[in-house]
1. Could you work out the local net charge near A86, counting Lys and Arg as +1, Asp and Glu as -1, over the other residues with Cβ closer than 15 Å to its Cβ?
2. I need the chymotrypsin sites (Phe, Trp or Tyr not before Pro) found in the stretch 31-117, filtered to DSSP loop residues with at most 15 other beta carbons within 10 Å of theirs.
3. Select from the stretch 96-177 those trypsin sites (Lys or Arg not before Pro) which occupy a DSSP coil region and have at most 12 other Cβ atoms within 10 Å, ordered by residue number.
4. Identify the trypsin sites (Lys or Arg not before Pro) of the stretch 1-49 meeting these criteria: DSSP loop state and at most 14 other C-beta atoms within 10 Å of the C-beta.
5. Looking only at the chain, where both bridge partners belong to it, what percent of the DSSP beta bridges are antiparallel (to the nearest 5)?
6. Springs between alpha-carbon atoms under 10 Å, Gaussian network over the chain: tell me which of G34, G16, G165 tops the mean-square fluctuations.
7. From the phi of every residue in the stretch 83-98, what ³J(HN,Hα) in whole Hz does the Karplus formula 6.51 cos²θ - 1.76 cosθ + 1.60 yield, where θ is phi - 60° and glycine or proline is x?
8. What's the longest piece of the chain with no exposed GluC sites (Glu not before Pro), counting a site as exposed if DSSP puts it in a loop and it has at most 13 other beta carbons within 10 Å?
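The values are calculated or read from the model by the stated rules, or taken from the named source; none is laboratory data. Predicted, not measured: the structure shown is a model, and the values here were computed from it. With ideal geometry, Cβ positions are generated from the backbone for all residues, glycine too; neighbour counts draw on all protein chains shown. Surface accessibility is based on the protein's heavy atoms, side chains included, excluding ligands, DNA and RNA. Shrake-Rupley method; radii C 1.70, N 1.55, O 1.52, S 1.80 Å.
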Amino acid sequence: MTGLASVFMAQRGFTGVEPLFSETPEKDWVTGLGRQFEILNLYFKPYAACRWAQPAVAGCLRLVKENRLKPSDLARIKVRTFAAAAALTRKPPQNTEEAQYNLAFPVAAALQDGAVGPAQVLPPRLFDADILDLAGRLEVEVAAEFEDRFPAKAIAAVEITTHAGKRFDSGAVEAPGSRRTPCLRTRS
């Protein structure tokens, strides 16, 4: 049917819509084809959380792993980051979206579970008392040196203080998943 309709329309002079390549509103969309690969400018989010929370999650996971910390060891979590990340809510989430667009919840879930994936942002983990307790211990500070580099880079530093008084600092951590900070390392 489609083929016959096309023949009848062509007999009456119909030629179809003008292709993108001849009347593009932005010439760069076409002139860069085969030379400019925009996929290289994308980022991927390894954690089920807002891009702005990703560096804090990565910093926490690194500190816990390197120092063999357990959630029960943690007295205080301080995140230094850029203003947009600091403005993310820290209230206990009531649903999946609120969990993902939150700073405290994904950090606490990472510290408690070692991951922030679908399991953490869905019930029952979404309402877990231990995660919410850790989230309540999170403090946030805007860091001028990270604010100056945003939005080109999403950076945070995490400081964890244990009940024993030991402090661990991640240093500056850039959000993983970009070309500069790939999630996976390949062997050379």
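1. Local charge sum for A86: 0.
2. Those that pass, being in a loop and sparsely packed, are F37, F44.
3. K166
4. Passing sites in the stretch 1-49 are R12, R35.
5. Of the beta bridges lying entirely in the chain, close to 65 percent run antiparallel.
6. So, out of G34, G16, G165, the one fluctuating most is G16.
7. Computed from phi, the couplings for the stretch 83-98 are 4, 5, 5, 5, 7, 4, 4, 10, 6, x, x, 9, 7, 4, 4, 5 Hz.
8. The longest such stretch corresponds to 27-188.
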